[in-house]
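*Asks:* Take this structure, written in structure tokens, and hold onto it; I'll ask about it next.
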Amino acid sequence: MGMVNTSFTWDSPVIREPSMPQKVICSECAHVLYEGDILKAPQDIAKKYDGRCPSCRKILKASMESVSIYPYEEKDE
């Protein structure tokens, strides 16, 4: 039987939420509705704005056909 490493500490527990850069924009006017590292459901973002884009007032709805995924590009700081 092999050895099992059981060394760990309870001093600072780390709780991680799913993290991935996400940007949600209005398909009509390109207003940024959400940008961040915490994944949020499109329905939650739409609910924040009462279902309408705050810029052009278009009704916000999400469907799999309207989702686009692009490679992440780091911003120069």
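*Asks:* Taking the Cα centre of the stretch 19-64 as origin, sum charge times position over the Cβ atoms of Lys and Arg (+1) and Asp and Glu (-1), and report the length of that vector in debye to the nearest 20.
*Replies:* For this selection, approximately 180 debye.
*Asks:* Sticking with this structure for a sec: The stretch 18-53: which trypsin sites (Lys or Arg not before Pro) are DSSP loop and have at most 14 other beta-carbon atoms within 10 angstrom?
*Replies:* Loop-located and lightly packed - Lys40.
*Asks:* So for the stretch 19-64, taking the charge dipole from beta-carbon charges (+1 Lys/Arg, -1 Asp/Glu), which of Leu60, Ile25, Gly36 sits furthest toward the positive end?
*Replies:* With unit charges placed on the Cβ atoms, the residue in question is Leu60.
Only the coordinates and a few stated rules stand behind these numbers; no lab work does. Just so you know, these numbers come straight off a predicted model, no measurement behind them. For neighbour counting, all protein chains shown are included, and Cβ atoms are generated from backbone atoms with ideal geometry for every residue, glycine included.
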